[in-house]
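The next block holds one structure in the form of structure tokens; read it before the comments.
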Amino acid sequence: MKTIDDLGDLRGKRVLVRSDFNVPLDGTTITDDGRIRAALPTLARLADAGARLVITAHLGRPKGEPDPAYSLAPVAARLGELLGKPVALATDLVGPSAHQVVAALGDGDVAMLENVRFDARETSKDDAERGALADELAALADAFVSDGFGVVHRKQASVYDVAQRLPHAAGLLVMGEVASLRRATDDPARPYVVVLGGAKVSDKLGVISNLLGKADRLVVGGGMVYTFLAAQGHTVGQSLLEADQVGTVEGYLADAAARGVEIVLPVDTVVAPRFAADAPATVVACDAIPDDQMGLDIGPQSRELFASKIVDAKTVVWNGPAGVFEFEAFSAGTRAVAQALVDAGAAGAFTIVGGGDSAAAVRLLGFDEARFGHISTGGGASLELLEGKTLPGIAVLES
């Protein structure tokens, strides 16, 4: 991939930067600014070089038209605080306000266009429709820097098509993400352990299939584990279960056994009668989940088991929490996994937190991010790289 240095002298040039600022909001308050902070090195590098920054990003899932609930105004305000300089926000994407704001930029100044998903062409499956929007975005800039790793697995106008219309480069964030994840997939130091969690097995089918040929050990927790337990013949009460995936998981278990890949499942689980922060929690064995209870976290024996299967690794990738970490009563499993990664890292392992809820959990639970080898900003993009897929937003930067 071309780097920012390959773009040459950027002083006075308008640089369109695709960032990933899809941050969680409580009303208009940003509850986790991790993705904004992750973008700072690239933005500061460009501003210091005298470029005139034009940032495009999305927030939430607006239905292809303006929606005040998804305005990037809170993001622009927070970015301005972190950069220590004002960030002008256009009130549209490629309309009069965008042109006016960009025209007013001086060297090193920063502007942000309104939510790119306010325009339905951004996510269109029609190449011509996306291309038309990309033409309008390209008219606002002299060069393009792709730095939104969380969207590089999408063939979207501001990610893929605009790179075909301008001199382009990968930002520091994207470069770091790709290098770290390929370090874990191309030639990992062994033992190579992958910790998978989250709600659904179906979200991770591709990555499980690919990793059975690469990883030495798969440690499975989260809501998805109950489909694994069902595949072993256990009843799982009211726990999250994808009944249509039980046969697939049975195949994975057999394949893992044939390949000599260890699959580690919990032996006990924390159950409750309902999905609520104040629900009474009880620990039961994984083969004795009551019919009227649902599993919401791994139990204390499983926490010790998981930790013992992580700490001796030389490469660890973690994607998906071990339980409902947002509820204090069901956060201990995810906390134990995070601590095990920290301990493995301290012993010399290269550790990756694979974005999404795992990265949010690290911050919510108060861990020092510097104690992990790499914390990804893109859950879906991370998974697809681990699956071995070609990511459109990366492939276009390599052309």
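The values are calculated or read from the model by the stated rules, or taken from the named source; none is laboratory data. Everything numeric here is computed off the predicted structure, so don't read it as measured data. Note: ideal-geometry Cβ built from the backbone for every residue, glycine included; neighbour counts use all protein chains shown. For accessibility, only protein heavy atoms count, side chains too; no ligands or nucleic acids. Shrake-Rupley method; radii C 1.70, N 1.55, O 1.52, S 1.80 Å.
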Considering the chain as a Gaussian network with a 10 Å cut-off on Cα pairs, which listed residue, Pro300, Pro74, Pro280, attains the greatest mean-square fluctuation?
-> Pro280
Just for the chain, what percent of DSSP beta bridges are antiparallel, to the closest 5?
-> 20
Around Val17, which amide H atoms from residues at least 5 apart in sequence, or from another chain, sit under 5 Å from its own amide H, with H modelled in the peptide plane?
-> Val54, Ile55, Thr56, Val145
Percent accessible area from carbon and sulfur atoms, the chain, protein chains only, probe 1.4 Å = 49
Most packed first (mean Cβ within 10 Å per residue), the peptides 253-259, 149-155, 237-243 order as 149-155, 237-243, 253-259
Given a 1.4 Å probe and the protein chains all in place, what does the accessible area of Asp292 round to, in Å² to the nearest 10?
-> 100
Between [x] 23.1, 87; [y] 21.3, 67; [z] 22.3, 67, which matches Rg and Dmax of the Cα atoms in Å calculated for the structure shown?
-> [z]
Please report the base-10 log of the normalised intensity I(q)/I(0) for region 162-246, using a Debye sum with one equal scatterer per alpha carbon and no solvent, at each q in 0.12, 0.21, 0.22 (1/Å).
-> -0.53, -0.99, -1.04
Taking a ≥ b ≥ c as the square roots of the eigenvalues of the Cα gyration tensor of region 300-370, is the shape rounded (a/c under 1.5), prolate (a/b larger than b/c) or oblate?
-> oblate
Sorted peptide list for 264-273, 31-40, criterion being average Cβ within 10 angstrom, highest first = 264-273, 31-40
Dividing the alpha-carbon radius of gyration of region 1-141 by 2.2 N^0.38 Å (N being the number of residues), what value is obtained?
-> 1.01
Taking square-rooted eigenvalues a ≥ b ≥ c of the alpha carbon gyration tensor, is region 229-325 rounded, prolate or oblate, where a/c under 1.5 means rounded and, failing that, a/b exceeding b/c means prolate?
-> oblate
Shape of region 164-211, Cα gyration tensor, a/c cut at 1.5 | oblate
Report Rg (one decimal) and Dmax (nearest whole number) for region 39-115, counting Cα atoms only, units Å.
-> 12.3, 37
Whole number in Å², please: accessible area per residue of the chain, 1.4 Å probe, ligands, DNA and RNA not counted.
-> 39
Summed over the other residues with a beta carbon less than 12 angstrom from that of Arg165, with K and R at +1 and D and E at -1, the charge totals -3
Would you tell me the accessible area of Lys389, worked out with a 1.4 angstrom probe on the heavy atoms of the protein chains, in Å² to the nearest 10?
-> 100
Out of Ser124, Gly108, Val270, whose Cα points farthest toward the positive end of the dipole of the chain (charges: +1 Lys, Arg; -1 Asp, Glu; placed on Cβ)?
-> Gly108
Computed over the Cα atoms, what is the radius of gyration of region 251-399 divided by 2.2 N^0.38 Å, N being its residue count?
-> 1.15
Residues whose modelled amide H sits under 5 Å from the amide H of Gly320, counting only those 5 or more places away in sequence or on another chain, are Gly197, Gly354, Ser358
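Tell me, what is the percent relative contact order of the chain, built from C-alpha pairs under 8 Å that lie six or more residues apart?
16
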Which is farthest toward the positive dipole end of the chain among Leu82, Leu46, Phe325, measuring Cα position about the Cα centre, with Cβ charges +1 (Lys, Arg) and -1 (Asp, Glu)?
-> Leu46
Glu262, Glu387, ranked by accessible area, largest first (probe 1.4 Å) | Glu262, Glu387
